[in-house]
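K.L.:
Just dropping this structure here.
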Amino acid sequence: MISMILAACGGSDEGEGSADGGETYNWKFVTEEVDGQVQYEYAEEFAKRMNEKSDGAVNIDVYEFGGLGSETDQVEQLQGGTVEMAVMSPGFTGNMVKEGQVFALHFLFPDSVEKTQEILNDSEALNTDLRELYEEHSITPLSYWSEGAMQWTSSKPISEPADFENFKMRTQTSPLILKSYEAYGAEPTPMSWSELYTALDRGTVEGQENPIFFIGDASFHEVQDYMTISNHNNYVAMTTVNTDWYNGLDDEMKSMVDETVEEMQSWVFDEQKKQNEEYLETIKNDTENPTEIIELTEEQRQMFKDKAEPVREFYREEVSTVDGQILDKLLEEIEAAGE
């Protein structure tokens, strides 16, 4: 049984002893992806670096998706302190932290994933204001990072908003994601990704969105005839920790965690870039399961942007609990960053 270390670094309990008499720390780190995918590889690399920096004192067990339950289960486990760390998507906390749904807005971030990552690194709206709202629920986001641009796969060609009319689109549970697809005329269907391959195969849903690496690794292209390079959004993940646990770490351990989080930002950018590029070639060259790849023109993308724009006002008026202040500050930061 892995021991809780809430306190080994600042509370009343003692950490476990190591063979040389020093203290050891055993943490759980859950992800929403499986071995080989970006989130899992991130957590494994994080664990390795913490172990090395601490001379073996910090041992982190990494759990792939499903190891400790669904995405929603993992959020609850982090809040309750059953696990110390988690990579999670804001899309699965959208009902709890309303402002986190800002990531569901289409065509919000720059087309460049690199520029988007710079904004995620530096944004005060996200790293201060949004972080404080998550901390009200015992979750502290230590960083935000992109897993790459999002693309659509579908059972029929998608090249303009009219193609989404009455189209059954799988989404995460965020109400704003649902609203974004309703704006195109689609019928959004919230669903865990663990059910998605079968649902696509059976036609229960007709399409989905994900970064290319995820589409390829989960073999969604095998049960979808088309992939539209839309770059309509970025898949943003958060490195999160249980707030009480994190605040209970001693200064040295907290600094080690913070330093590793910062180092991992450039590492994960390179990892997602590599995986997305490799899987695009895999999908293109899969002759057994041919996928027609549709690249939207700027004119076609503009048609989607025009439909997506009013959803920002819906966010301000119906979703935000702070009158859209985080979105407005983020928009200013995006504009200041330029393309």
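K.L.:
To make sure I understand the rule: partners must be lysines, Cα under 20 Å from the Cα of K273, and not fewer than 8 residues away in the same chain. Which ones qualify?
P.N.:
K115, K284
K.L.:
Another question, if that's okay. Rounded to the nearest whole Å², what accessible area per residue is found for the chain with the 1.4 Å probe? Before the final figure, lay out each step's value.
P.N.:
Details: 14150 Å² over 339 residues.
About 42 Å² of surface per residue is accessible.
K.L.:
Now, a different point. Just how far, in whole angstrom, is region 177-238 from region 31-54 if you go by their alpha carbon centroids?
P.N.:
25
K.L.:
Mind jotting down the distance between the C-alpha centroids of region 292-339 and region 97-170, whole Å?
P.N.:
Taking the Cα centre of region 292-339 as reference, the centre of region 97-170 is 10 Å away.
K.L.:
Can I ask one more? Over all alpha-carbon pairs in the chain, figure out the percentage whose distance exceeds 24 Å. Kindly include the intermediate steps, with their values, before the conclusion.
P.N.:
On the way: 31751 of 57291 pairs.
Cα-Cα pairs of the chain separated by over 24 Å account for 55 percent.
K.L.:
Which lysines have a Cα less than 19 Å from the Cα of K53, not counting those fewer than 8 places away in the same chain?
P.N.:
The reachable lysines, counting only those whose Cα sits under 19 Å from K53, are K28, K254.
K.L.:
As a test question: what accessible area, to the nearest 10 Å², does E259 have when a 1.4 Å probe is rolled over all protein chains in place?
P.N.:
Per-residue accessible area (E259): approximately 90 Å².
K.L.:
If you don't mind, there's one more thing I want to ask. So what does the Cα-only Debye profile of region 40-182 read at q = 0.17 Å⁻¹, as log10 I(q)/I(0), no solvent term?
P.N.:
-1.16
K.L.:
Among the aspartates and glutamates, which fall within straight-line cross-link reach of K98, defined as a Cα-Cα distance under 16 Å, with same-chain neighbours fewer than 8 residues apart omitted?
P.N.:
Within the straight-line cut-off, K98 pairs with D129, E132, E135, E136, E313, E317, E318, D323, D328.
K.L.:
Another question, if that's okay. For a quick size check, give me the Cα extents of region 202-262 along its three principal axes, largest first, whole Å.
P.N.:
Its Cα atoms span 53, 22, 19 Å along the three principal axes.
K.L.:
Further question: I'd like the antiparallel share, as a percent to the nearest 5, of DSSP beta bridges with both residues in the chain.
P.N.:
Details: 22 of 39 bridges.
Bridges in the chain that DSSP calls antiparallel: roughly 55 percent.
K.L.:
When all protein chains stay in place, what accessible area (Å², nearest 10, 1.4 Å probe) is found for K329?
P.N.:
Using a 1.4 Å probe on the heavy atoms, I get roughly 60 Å².
K.L.:
Computed on alpha carbon atoms, what radius of gyration and Dmax characterise region 250-319, expressed in Å?
P.N.:
20.5, 55
K.L.:
What three numbers, in Å, describe the spread of the alpha carbons of region 61-107 along their principal axes, ordered from the longest?
P.N.:
36, 19, 15
K.L.:
Here is a follow-up. Rounded to the nearest percent, how much of the accessible area of the chain (1.4 Å probe, protein heavy atoms only) is carbon and sulfur?
P.N.:
Values: 5920 of 14150 Å².
Solvent-exposed carbon and sulfur of the chain make up 42 percent of the total.
The values are calculated or read from the model by the stated rules, or taken from the named source; none is laboratory data. Keep in mind the model is a prediction, meaning the values are calculated, not measured. Ligands, DNA and RNA are stripped out before the accessible areas are found, and what is left, the full protein with its side chains, is counted by its heavy atoms. Shrake-Rupley method; radii C 1.70, N 1.55, O 1.52, S 1.80 Å.
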